[in-house]
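Okay, structure first, notes after.
Nothing in this text is a laboratory measurement; each read-out follows from the coordinates by a stated rule. Model, not experiment: these values are computed from the prediction. Cβ: placed from backbone, ideal geometry, glycine included. Neighbour counts: every protein chain shown.
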Amino acid sequence: MAGYPHTTLDDVLPHPLQKGHHTTGKTPYVFIDSCVQIWEDTEYGKLSDYSADAYCITTFRPHDDAGNALDAIADWYKIERSYPNIRIARTAQDIVDAKANGQTAIIINSQGGDFLCSYIERLDVFHAMGLRMMLPAYNNRNAICDGCLEPTDAGLSTMGREWVAGCNRLGIVMDLTHVGARATFEVMERTTQPVVFSHSNPMGLVDNARNVTDEQIKACAATGGVVAPTNWGPLNLKAGSTKRPTVNDYLDAIDYVVDLVGIDHVGIGTDMSHGTYPDGDKIRGLPSKRSVGGAYADHIERAPRSRLRYVEGFDDYGQLPSVVELLKQRGYSEEHVRKVLGGNYLRVFRAVWGA
């Protein structure tokens, strides 16, 4: 596409996050990546070699029913049994212990609440199976609330209000990424615990339907929560630019959140993948992808294993040490870096999940 240099399919393959193409990028900090896909061809035995110590994974597809969701969680039980370097995290201490033992912690997350259908009682069952983090909706409307691309922006349903109370009671982190603005405010008004935006960028920098306003960021921080910008390219593409966004555009998003609400309320959610993002994946083909990514996403999503889907300079886990160094060059102290990479999320997890 004219205006986006070096974006032919020949240029972008193979994906650096494909099987066999990772670089490691370990740091001494606890790094919690609050949005990750882990596909079936992942080299699970090597997962703990890479930079993240804990992955909040999209455990099943956003619009899956309860049966598919159950099967996906069951698969992770099998993986945990099969690979001693992997543990499913049910407490914040599990993450700390995994780091100390050279393991990777897996946090079972759901990008959407479609699997509940109209049965709020399923929430207790899935929590018992390990669900610790959950988006109520993924871009579109369901029984809980509207997603961020619904024009009516109808907010929480009656079941949605029960969902907030249920997550507070059980100890499930409510993730408001992909959720309609009105619903996010209604959740934040009702919750007694911190909430997060696991992979959302400031709309004040990039006016995109998937990004969040200053008011949403402030309301999230007021709950004690975390906003984690993502390095997915389209959410970092500033108005008027026709060039691939860079790591500095991404760090601008982190700076923006810090300047607005302070260092205690920012994290990192890459939305990257381990293993091979499938060609023809149904989620990639949804109209919502075009809505939030525009022409740039149209181009890069044709090559789902392309590193150009992410900002230049942070399109592989091996670049995390460079990202840390750039944060320090911007004036972030060791303690600040520790909070951004995982300390703030550990605080939220301890508050919501309990001991």
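Below, the figures for the structure above:
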read-out	value
Taking the C-alpha atoms of the chain, convex hull volume expressed per residue in Å³	119 Å³
Overall form of the range 133-194 per C-alpha gyration tensor (a/c, 1.5; a/b vs b/c)	prolate
Least to most buried among ARG190, ARG338 (fewest other Cβ within 10 Å first)	ARG190, ARG338
Most mobile of SER48, SER198, SER110 in a GNM of the chain (Cα contacts under 10 Å)	SER48
Distance violations [Cα-Cα > 18 Å] among LYS46/LYS78; LYS218/LYS238; LYS99/LYS339; LYS238/LYS328; LYS238/LYS339	LYS218/LYS238; LYS238/LYS328; LYS238/LYS339
The range 61-158: trypsin sites (Lys or Arg not before Pro) in DSSP coil with no more than 12 other Cβ atoms inside 10 Å	none
Relative contact order [Cα under 8 Å, 6+ residues apart], the chain, whole percent	22 percent
Highest to lowest packing among 144-154, 171-181, scored as the average C-beta count within 10 Å	171-181, 144-154
Cα-derived Rg to Rh of the range 79-185, Kirkwood definition	1.06
